[in-house]
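Colleague: Pasting a structure below so you can have a look.
The values are calculated or read from the model by the stated rules, or taken from the named source; none is laboratory data. Keep in mind that this is a model prediction, so the values were computed, not measured. Reconstructed Cβ throughout: ideal geometry from the backbone, glycine too, with neighbour counts over all protein chains shown.
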Amino acid sequence: MGYDFDKTHECILKSAMRHFMDVGFREASIRKICKDAGVTNGAFYAHFQSKSDLFNRLVEPALQGLYEIYSNENLCFENIRSKEDILAAFEHTFSSDQILIHYIYENKDAFLLLLKAGSGTAYEGFPGILAEREQKETEKFFDECRPYVPKSENISYPLVSKISSLVVSTVFDCFMMGKTEEETIRETRLASEFCLAGLKKIWDL
């Protein structure tokens, strides 16, 4: 019983991955997914509540892992106590980007699914969702930096949105263009260096 349940569950997931990738979430049908998986519609509802639930099961594990890494890496941008801490945090940006990019490539199928087939789901426009999360964290970082920035009047929160969008879009644009992990790391580093060089200049670091 347990083995049959697990086997059926896996068959549905594999079939759903193919259908979502081929036609997107909106156009994919539970009936066709079940037919391809060799199961009945009734069997489907023993495993998943809905098509949305099925999609969530395919992407949520990878997303949770990404958010955990993201939260852990952001700890390095807290407790700023000097100008030197700010510069050290800037340097850590590159290693953080590399860790996140490596994770995305390790979970390539889930992130391709999010980006190619996510229209009509809670994850539609996923890069923008991640950019908003990045923006909030960067605003906190800017607040930590303020007492130690020589030209603190140049700390601009509207600029945070532009920086966050540039870095996140660089990662996912490269990913969707089929660039290798190494190429994506390089392009993202260039985008980060561009942003950080500007901050160093206007903050007089």
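Conditions (1) aliphatic (A, V, I, L, M); (2) within 18 Å of K51 (Cα to Cα); (3) out of contact with any Pro (no Cβ under 7 Å at 6 or more places or on another chain); (4) assigned to a helix (DSSP H, G or I), marked per residue:
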residue	(1), (2), (3), (4)
T121	no, yes, yes, no
P127	no, no, yes, yes
E137	no, no, yes, yes
E144	no, no, yes, yes
P150	no, no, yes, no
E153	no, no, yes, yes
V160	yes, no, yes, yes
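Colleague: Then there is this: Tally up the residues in region 42-74 that are over 11 Å from L13 (Cα atoms) and part of a loop (DSSP other than H, G, I, E, B), please.
Modeller: The number of residues fulfilling the criteria is 4.
Colleague: Going through region 24-41 one residue at a time, which ones are in a loop (DSSP other than H, G, I, E, B) and surrounded by fewer than 20 Cβ atoms within 10 Å (Cβ to Cβ)?
Modeller: Applying the first criterion (in a loop (DSSP other than H, G, I, E, B)) to region 24-41 yields 28-29, 38-40.
If the condition is that a residue be in a loop (DSSP other than H, G, I, E, B) and surrounded by fewer than 20 Cβ atoms within 10 Å (Cβ to Cβ), then S29, G38, V39, T40 are the ones that fit.
Colleague: Here is a further query. For region 64-93, which positions are within 23 Å of P127 (Cα to Cα) and at pLDDT below 90? Explain how you work it out, then say what you get.
Modeller: Kept after step one, since they are within 23 Å of P127 (Cα to Cα), are these residues of region 64-93: 64-77, 90, 92-93.
Once the filter is applied, which keeps residues that are within 23 Å of P127 (Cα to Cα) and at pLDDT below 90, region 64-93 yields Y70, S71, N72, E73, N74, L75, C76, F77.
Colleague: Please verify whether region 95-113 includes one or more residues that are of a type in the set (D, E, K, R), within 13 Å of the chain's Cα centre (by Cα), surrounded by 15 or more Cβ atoms within 10 Å (Cβ to Cβ) and in the same structural domain as M176 (by TED's automatic domain parsing).
Modeller: Yes.
Results for (1) among the polar types (S, T, N, Q); (2) crowded, with 19+ Cβ neighbours inside 10 Å; (3) in the same structural domain as I80 (by TED's automatic domain parsing), shown as yes or no for each residue.
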{"site": "T121", "(1), (2), (3)": "yes, yes, yes"}
{"site": "L130", "(1), (2), (3)": "no, yes, yes"}
{"site": "E153", "(1), (2), (3)": "no, no, yes"}
{"site": "K162", "(1), (2), (3)": "no, no, yes"}
{"site": "C174", "(1), (2), (3)": "no, yes, yes"}
{"site": "G178", "(1), (2), (3)": "no, no, yes"}
{"site": "E181", "(1), (2), (3)": "no, no, yes"}
{"site": "R186", "(1), (2), (3)": "no, no, yes"}
{"site": "S192", "(1), (2), (3)": "yes, yes, yes"}
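Colleague: Here is a follow-up. When you go through (1) free of Cβ contacts under 8 Å to residues at least 24 places away in the same chain; (2) surrounded by fewer than 14 Cβ atoms within 10 Å (Cβ to Cβ); (3) over 22 Å from S71 (Cβ atoms) one by one for D143, which number turns out not to apply?
Modeller: D143 satisfies all of (1) free of Cβ contacts under 8 Å to residues at least 24 places away in the same chain; (2) surrounded by fewer than 14 Cβ atoms within 10 Å (Cβ to Cβ); (3) over 22 Å from S71 (Cβ atoms) except (3).
Colleague: Please indicate, with yes or no, whether at least one residue in region 80-88 is closer than 15 Å to V167 by Cβ, of a type outside the set (D, E, K, R) and surrounded by 15 or more Cβ atoms within 10 Å (Cβ to Cβ).
Modeller: Here is the first cut: in region 80-88, the ones closer than 15 Å to V167 by Cβ are none.
No, every residue in region 80-88 fails to be closer than 15 Å to V167 by Cβ, of a type outside the set (D, E, K, R) and surrounded by 15 or more Cβ atoms within 10 Å (Cβ to Cβ).
Colleague: Among the residues of region 163-205, which ones are part of a helix (DSSP H, G or I), in contact (Cβ under 8 Å) with a residue 40 or more places away in the chain, touching a Pro at 6+ places or on another chain (Cβ under 9 Å) and within 26 Å of L87 (Cβ to Cβ)?
Modeller: Passing the criteria: V168, S169, V171, W203.
Colleague: Considering only region 184-197, I want to know if a residue exists there that is touching a Phe, Trp or Tyr at 6+ places or on another chain (Cβ under 9 Å) and farther than 19 Å from Y70 by Cβ.
Modeller: The answer is yes; a qualifying residue exists.
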